[in-house]
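All of the numbers you see were taken from the coordinates with simple rules; none came from a lab. Note that the structure is predicted; figures quoted are calculated from it, not measured. Positions of Cβ are backbone-derived with ideal geometry, glycine not excepted, and every protein chain shown enters the neighbour counts.
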């Protein structure tokens, strides 16, 4: 193409739909929102240049229906589709259909999505690019002797997973070499019985880890990184708080991670914004590639706030065939940013989601505070979609200021009518452990467990 | 002192009171808001750590009453008073009283306020510091021969003003040397008759000018500047839109202005945030010192957005006797910021202020958007104070992006129930002239005049 | 916008409008001592239910409820004007079952499937909605007469958009 | 927070509270079929008007208005709790005419100007409010008996803060 997009169909909802609408408006691109009947009263519908109902509230017949989305794009004659995150954003079949119908897609090619979406293939690509992966087998191993050889190389503790297992079934941690042969034999025979397939994956079992990811953006020729995001504060593998820079990296590790991410993108011919995810081993202070997300992520504003670079605008620019127009030297990371994902969930009740009507919403404001949200006073959170109602992103000149500002902003935030996780975020941010920066992915679970066992209420009563 | 303030009385209202409360919260300073009965239901009262009613709604018996404010500070035992802007912020007598009562003041000494508040004294200090001032007499001249000599030196066109006049009375522009003697004689004799005093001021009459000011911050030892703000978009000497950097300065002029401002601060021993105001002559491309504001200004967020430096926090830090802790090299200006002052005024009706109840307020949001405001849905704008209801500040990587973002944010802004100047800001920002950056202080008046004479409505009907 | 209490015709128009749209479940309107309340079933049905609320006669004087007259307009779908046409009790609305392109005829140049005034039976094809080159025939599902066609040939239509009105026989 | 309808004593307490505060002009509360409406004059008057609304007997069952019981608390001045004391019809509130420091006695160690139970006349000095070393005598302005003293010696008081309650003679 090579000329700016003139119109974009936004095939998403909530805050990310609004985020894309805002970028379109600033670029003079006509924004056409594809929405479901469940979102007819939402703020994105009000703010988009045009809104097209593509189906009923159920996502499978609207946001997740490739035909409904592409049909809307064709009927309403847009240049491209922005998928947001979730829904169809990493659906290779959908993107292939876009390619077939000659509808632009704000993202990489179907082939790249498919390759990076296949965990084994992605791991192979990473190794080819010289990017370290968690030590272990690349694919499934069915032969006992081969499994034994790989396991012996991996080191301890290690994890054996039945290839046909899943959801925690058919997994075993092996602590020492003494039990290896026995454990391996047992789990392979159990897998044979349970799943009809003795194949296993074997990998180093990492216990004290952080989740660190590199934001990349590429126009297919120039690949830039925007530094890392540290997403270690998680609950049940759901990210709660993301920040940039990571409090644990030194310049050398930071450089190594960034270069690894860029090398991976170059290896696969990546084009679009993307995120290369790593686990960081606190003990060895080393990192391993886990997977790549071939889309914009929920937490992209964290990188925007420290780099000053508008990632959604760059996505749209690149999708129009234009070059990035920046070099790596133009990317300067300044200060520190923290994002809290505010969910309509009850931390006192095992984080049960609670849709409902928001009787009063007041966004926090002031210097360094950004709240990306589609909610407003009088809005009813529909029960059909996920429980995230907004993201609070605060920038500070350093990590301490960013934490203080986030706490101040959380104090200002008012979401009456539904229960949110905002007080829980305050609790995390006020811990000495979070302030120190020295924690791992078990931190939030340990915090919850400590309170439960102390018989304390998880939270003070608060608005 | 030399240790952080622990508590601060905020002797102001509206968005600036909220701004100071936020800074206090982030610094762990107890914020005590001194409020009038007219503001009992306001957001700052809700958000301050403590709120103390100091008098009735009329500002002269509350916000402008030095005794009420200082009494509150003494009774509620705060370390210092933050005056905001307006009200008592540049009242030297009030500050002298603070000094007498040993209540800290977030600002310079009474002596510095008095000296810089005296226009003639300030001009003398500027000249001593080597800062250019508008060519003309320093003080009033009563002798005709002396006046003639000064006028002959100043150059044409020049302006003669009766020293005892004011409000436009007793002023005359002299276009050429031919009429000088006659004009001077006439105006002095008119002044003698009208005011009993023939004294006049004489200065160069500048017609094609911009308003450019330098933000400074000093701890009494280190004086830093945060670059300039361009406040040329004015209506009847009221600033409407401020931006940084100025679209007309080159590196040399920028450096010259900044150094002049710093030299002035050093000359007077300045301590606090402050603004050194200049007129910039578009024709000669030179600048002259006009006055110094010895307080934080309405438009300070513009400089915060491009520098990343929190000016209110620095004010509080300095007032506690702590050093700035930064060098000039730490101040890096990135991107471009624009502020629109949103007033509850009717642009269709000669900008008549219209207090009233805000039935719906929706703040714009997203990347690079900051709205400093004390309004919220259901808030009634009291009739006792000024009509500003908030400031929209948008940052962009360059001026074009900042303008596009501001327009997008103005589109999102909803203030139902009262008429605001938001649509008028859109109108200004959409002109080719504003986009070009090439305009002067007459620009807004000319825009209004052109529409009036074309018989067009000033604005399209809009929410 | 009129600030006078609505007369019987206006109330009827509001009831009709509520019947025509898909996104109104409940509507309440109080105008002085005139009160109107409408509640509909969840299921969007092509066959209109009889208007559940009979408006009371307009009162001679009434306090103005400022927002009331604006409400119907504000509640309308942002996507598509539901056309000004009110639906009579024996009229059926045919809506687009998917987002796509509306075709009035089987192929370019061919005569339209139906025109206003045509009689149709349940399996009469009224039009085609195209989704990615898949042409779906939209059938009348009732016996009657085409009284209004609300969209143009080759126009984009969204999910649930009203396409035609059919007056049932009987 | 109780979700039961308020009883007569609770309604009375709300009326008293509204009387005591300076910032409540109107208050309306609906609890099932119990409705309470209070409206006051603009002028903050020390002499309380008789409670304008007599609460109806509490209904046996009532739909819960969730926000109603919270309203009085939310409307209260952020600055100063107005003390829980209710004001009777013959009681007068003495308020601070300026922000400053309250002194119960003319100088440290001296006996207090007044104590609870003391009789006062119009020009009896009740206390001093200090503004920057300027001591202002606060006088009773009515004849009666001191029934409550609401602040402590040397306490900071804000503009309009209730200091004492005097029961008028008569």
Problem set entry | Ranked A:206, C:134, A:322, criterion: other C-beta atoms within 10 Å, fewest first | C:134, A:322, A:206
For this session: Compute the separation of the alpha-carbon centres of segment A:214-228 and segment A:328-351 and state it in Å as a whole number.
Result: 20
Exercise. When each copy gets a label point 7 Å from Cα toward the beta-carbon at residue A:60, what are the spacings between them in nm, shortest first?
Worked result: 7.4
Problem set entry | Euclidean distance of C-alpha centroids, segment C:91-170 and segment B:109-161, integer Å | 82
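Please arrange C:107, A:313, B:46 by how many other C-beta atoms lie within 10 Å of their C-beta, fewest to most. Please report the intermediate quantities before stating the final value.
Values: C:107 8, A:313 21, B:46 18.
Fewest to most other Cβ atoms nearby, the residues stand as C:107, B:46, A:313.
Taking 8 Å as the Cα distance limit and 6 or more residues as the minimum spacing, I'd like the relative contact order of chain A as a percentage.
Normalised by residue count, the contact order of chain A is 14 percent.
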Problem set entry | Binned Cα-Cα distances of segment B:209-454, short to long, each 5 Å bin given as a whole percent | 1, 6, 14, 17, 18, 17, 13, 8, 5, 1, 0, 0
Exercise. At what distance in angstrom do the alpha carbon centres of segment B:353-399 and segment A:25-103 lie from each other?
Worked result: 33
Problem set entry | Taking the C-alpha atoms of segment A:328-367, convex hull volume expressed per residue in Å³ | 167
Problem set entry | Using a Förster distance of 35 Å, the FRET efficiency for residue A:146-residue A:442 (Cβ separation, nearest 0.05) | 0.60
Exercise. Label points 7 Å out from Cα along the Cβ direction at residue A:153 and residue A:118: separation in nm?
Worked result: 2.1
Exercise. Okay, helix-only estimate at 222 nm for chain A: each DSSP H run of n ≥ 4 adds -39500 (n - 2.57), divide by all residues, round to 500 deg cm²/dmol; what do you get?
Worked result: -10000 deg cm²/dmol
Seminar exercise, completed: Two pseudo-spin positions, 7 Å from Cα along C-beta at residue A:451 and at residue D:105, lie apart in nanometres by 5.0
Problem set entry | Fraction in percent of alpha-carbon pairs per bin - 10 Å, segment B:348-463 | 12, 39, 36, 12, 0
Problem set entry | Volume in Å³ per residue [convex hull over Cα atoms, computed for segment B:44-191] | 170
Exercise. For label points placed 7 Å from Cα toward Cβ, what is the shortest-first list of nm distances from residue A:378 to its copies?
Worked result: 1.4
Exercise. To the nearest 0.05, what FRET efficiency results for residue C:86 and residue C:153 with a Förster distance of 22 Å applied to their C-beta separation?
Worked result: 0.35
Problem set entry | Shortest-first distances to equivalent copies, position residue A:446, nm, label 7 Å out along Cβ | 6.7
Problem set entry | Extension gain, residue A:266 back to residue A:193 (0.36 nm per residue minus Cα-Cα distance, nm) | 22.0 nm
Exercise. Simple spin-label model, 7 Å along Cα-to-Cβ: residue A:251 to residue D:135 in nm?
Worked result: 6.8
Exercise. Going by how many other Cβ atoms sit within 10 Å of their own, how do B:289, A:144 line up, fewest first?
Worked result: A:144, B:289
For this session: Count, for each residue of B:47-56, the Cβ atoms from other chains sitting within 10 Å of its Cβ, then give me the mean as a whole number.
Result: 5
Problem set entry | Among B:405-411, B:17-23, A:3-9, B:437-443, the order from most to least packed when residues are scored by Cβ within 10 Å on average | B:17-23, B:405-411, A:3-9, B:437-443
For this session: Measure of size requested: the Rg and Dmax of chain B, with Cα atoms as the atom set and Å as the unit; please supply both.
Result: 22.8, 66
Problem set entry | Inverse of mean 1/r across different Cα pairs in segment A:270-405, Kirkwood, Å | 17.7
Exercise. To the nearest µm²/s, what D does Stokes-Einstein give for segment B:135-204 at 4 °C and 1.567 mPa s, using the Kirkwood radius over alpha carbon pairs as Rh?
Worked result: 113
Seminar exercise, completed: Packing-ranked peptide list from B:292-303, D:120-131, A:102-113, B:177-188, highest mean Cβ count within 10 angstrom first, is B:292-303, A:102-113, D:120-131, B:177-188
